[in-house]
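Okay, structure first, notes after.
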Amino acid sequence: MTARKLVRAIIRVRGALSVDDTLAATAHDLLAEGEGVVGSLVVGFVRPHLDRFNGRSFPLTALRLGDIELRDVSVSVNDGLLITAAFGQQSA
C-alpha cells in the first residue's frame, strides 16, 4: 500500500501598475504573501524577483507584434475591471 500526499500552498501576489500618457508602465507596491510552510518557502523565492520590478518602468510600446504596435490603453471599473487596448501599424 502506498500513500500519496498532495502538498498545497496558498500564495497571494498583489501590486499596482500605473500607465502614464507615454504608455510607460510602472509597477508599485508589489507584495507576496504565503500561507503555511510551503507557501512561506515559495514566497521566499518569489519576493526577491518582485523587489527587482518594484518601482521599475517599462514602455508598453516596446511590445510589438511584427508591424503592429500598441497605440492606446483605456481602463474602466464598473461591475468589473475592463482594459481596452488599441493597436495600429508601426509609424514610418
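Quick note: the coordinates plus some simple rules give every number you see, no bench work behind them. Values in this document were obtained by computation on a predicted structure and should not be read as measured data.
Laid out as a table, the results:
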{"read-out": "Gained length - Ala9 relative to Arg56, 0.36 nm times residue gap less alpha-carbon distance", "value": "14.1 nm"}
{"read-out": "Rounded to 10°, Cα long-axis angle of helix 36-53 versus longest principal axis of the chain", "value": "30 degrees"}
{"read-out": "Within a Gaussian network of the chain (alpha carbon springs, distance under 10 Å), most fluctuating of Leu23, Leu41, Leu81", "value": "Leu81"}
{"read-out": "Extension gain, Leu63 back to Leu31 (0.36 nm per residue minus Cα-Cα distance, nm)", "value": "9.0 nm"}
{"read-out": "Amide H contacts under 5 Å for Arg71, placed H, 5+ residues apart", "value": "Ala86, Phe87, Gly88"}
{"read-out": "Gaussian network model of the chain, Cα within-10 Å springs - most flexible of Gly34, Gly15, Gly80", "value": "Gly80"}
{"read-out": "Expected 222 nm ellipticity per residue - DSSP helices of 4 or more, -39500 (n - 2.57), all of the chain, to 500", "value": "-6500 deg cm²/dmol"}
